[in-house]
Amino acid sequence: MPKDNTFQIEITKFYQGASPAMHLNSLTEIGNAGHYSVATNIDVLTPGILTQGPALANLTAGTQAGAVTELINFIMDKAVSDSVTYGIGATKLFKITPSAVTSDATWPHAITNCTDGESCVDMGGVLYYFFNKSSGGDIGTFDLTSTFDDDWGSSTHKALQKAPHPSYAKEDIICFGNGQYLGTLVGATLNVEKLDFGSGNEVSDVIFSSNQWLVVVNNGITGTNRTIGQIYTYDGGALSSILADEAGVGVQRIGFIYELNGIIYIAYQDLSSTGGYKIGYLAGRQIKPLAYFTGSLPNFAQKTLYKHTILFLSSGSIYSAGAVIDELPFQLSQIADGGYATCGAIAAPFGTPMVASTDGATNYRLAKFSGYDTNCSWKSIVFPVSGKHKGYIDNVTVFTSALGTNARCDLTLECNQGVTVSNSKSITGTGITRHFFTAFGLNSIEDVRVALSWATGSATNSADIRKIIINGHYTET
């Protein structure tokens, strides 16, 4: 046996988020000690702290019992006037405040012939809302006081294609997706087919950055067909009929594009790879991947900013991507639940994220972050503790913030590729910051990972984990 037959594993720096290989292997050993291999609704955005993710609270009149009787597909990510923003659903336009969905004789506004609301944007004191109809699409206007014109687009220029309609405003210009076309509104001049990307192409997102428009176009987007994604740059004045440049991701589909601190981030998917969803950034004409996730590809309505990170939706879950301060590494983590299984829009027009969802039957909600979730779990990467000899766990010490009343987190050790599970230990006790555990009921083991659960915790007092230290020794058996 080795002369020094002890080992110690110290787990800290939880701000690193998911292991780089989490999407490929839930029992991964790849990463640093603070990375996780599996997690649900976990907040790693406070440096040095691992804790429960935020819960959701419905806005007043934010369910089918109030004003929200359909899935809200898009919410403007800014306030249009004092504590007011707007969203669009399957058939209606919604007025939203920080705490409520307006429900009165005017709101929600039923849009004539609308079957699928897509986006809305304000410019020059007018709200423009884009939607699809049973055939084609249209643009409506609202003067922000009392007057709606639901067929303004088709009566001003022509009808839209039936397609996604991302939109973005910069000063007196709006650029918007219109199927194979990029449409523009420059001052009072509307052209719904300003740029033609050709049959089989579809504009999936558009933003303005560094004095130019960035237009995301996917080719071959039907079903599971392999898709070629391109990002085009276009004249900032939206007057030219010629594109300036382009960058491509190759045979991959782009979901959204987002600017943060001058960096252009992209969510995209490789259809040939299991769990091949990526967050990357634009570097010249290349897209550099940063992190990987599983679920579904978020669209232009499913992104927002939270604590200097990008929040986005994927298969009913909310993810955070980025670093809360520049000195920390880029992380990706699953921070909160989206509500019901099918999610629509996410936005944070008043600072606190809000998310729309439905169960696909009769229940709808618009809810915002509030308090702490207890459906939270976190599992470290797997640590090998054997070679010629197996390992034995002697004790585990957990360091927490001073725990409040009813704050609790339960710890188990999962060993031998997750097959062997230890006795559970409760991390609890008002005011306690150090928790020492022995007697895990384990024999000699080959590997170990820490599993934490807040299922018995508190929705008001979080159990914040600062550090975990595992001490053990090697055995002859």
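Descriptive notes on the structure:
- The mean sequence distance of close C-alpha pairs (under 8 Å, at least 6 residues apart), as a share of the length of the chain, puts its relative contact order at 17 percent.
- Projecting the Cα atoms of Asn191, Thr145, Phe130 onto the charge dipole of the range 54-210 (Cβ charges, centred on the Cα centre) puts Phe130 farthest toward the positive pole.
- Within the shell of other residues whose beta carbon sits under 12 angstrom from the beta carbon of Ser317, the net charge comes to -2, with Lys and Arg scored +1 and Asp and Glu -1.
- The range 330-352-the range 402-443 distance, computed between alpha-carbon centres (Å): 29 Å
- The peptide list 123-129, 366-372, 36-42, put in order of mean Cβ contacts within 10 Å with the highest first, becomes 36-42, 366-372, 123-129.
- Computed from point charges on the beta carbon alone (+1 for Lys and Arg, -1 for Asp and Glu), the dipole magnitude for the range 228-333 about its Cα centre is near 280 Debye.
- Of the labelled figures [x] 84, 47, 38; [y] 82, 44, 37; [z] 60, 58, 51, only one reflects Cα extents along the principal axes in Å as derived from the coordinates, namely [x].
- Residue-wise HN-Hα coupling along the range 406-422, computed from phi with Karplus coefficients 6.51, -1.76, 1.60 (Hz; x: Gly, Pro): 6, 5, 7, 9, 9, 10, 10, 10, 9, 10, 6, 6, x, 6, 9, 10, 7
- Most positive-pole-ward Cα, Pro349, Val382, Phe293, against dipole of the chain from beta carbon charges: Val382
- Estimated dipole of the chain in Debye, rounded to 20 [Cβ of Lys and Arg +1, of Asp and Glu -1, Cα centre]: 1140 debye
- Of the peptides 80-89, 186-195, the ranking by mean beta-carbon count within 10 Å, highest at the top, reads 80-89, 186-195.
- 5 angstrom amide H check on Ser314, placed H, neighbours 5+ away: Tyr319
- Summarising the label geometry, the points placed 7 Å from Cα in the beta-carbon direction at Gln8 and Ala341 lie 4.8 nm from one another.
- Net charge, Ile111 excluded, C-beta distance under 9 Å - Lys, Arg +1, Asp, Glu -1: -1
No lab work stands behind these numbers, since they all come straight from the coordinates. Not measured: the values here are computed from a predicted model. Heads up, the Cβs are rebuilt from the backbone with ideal geometry, glycines too, and the neighbour counts pull from every protein chain shown.
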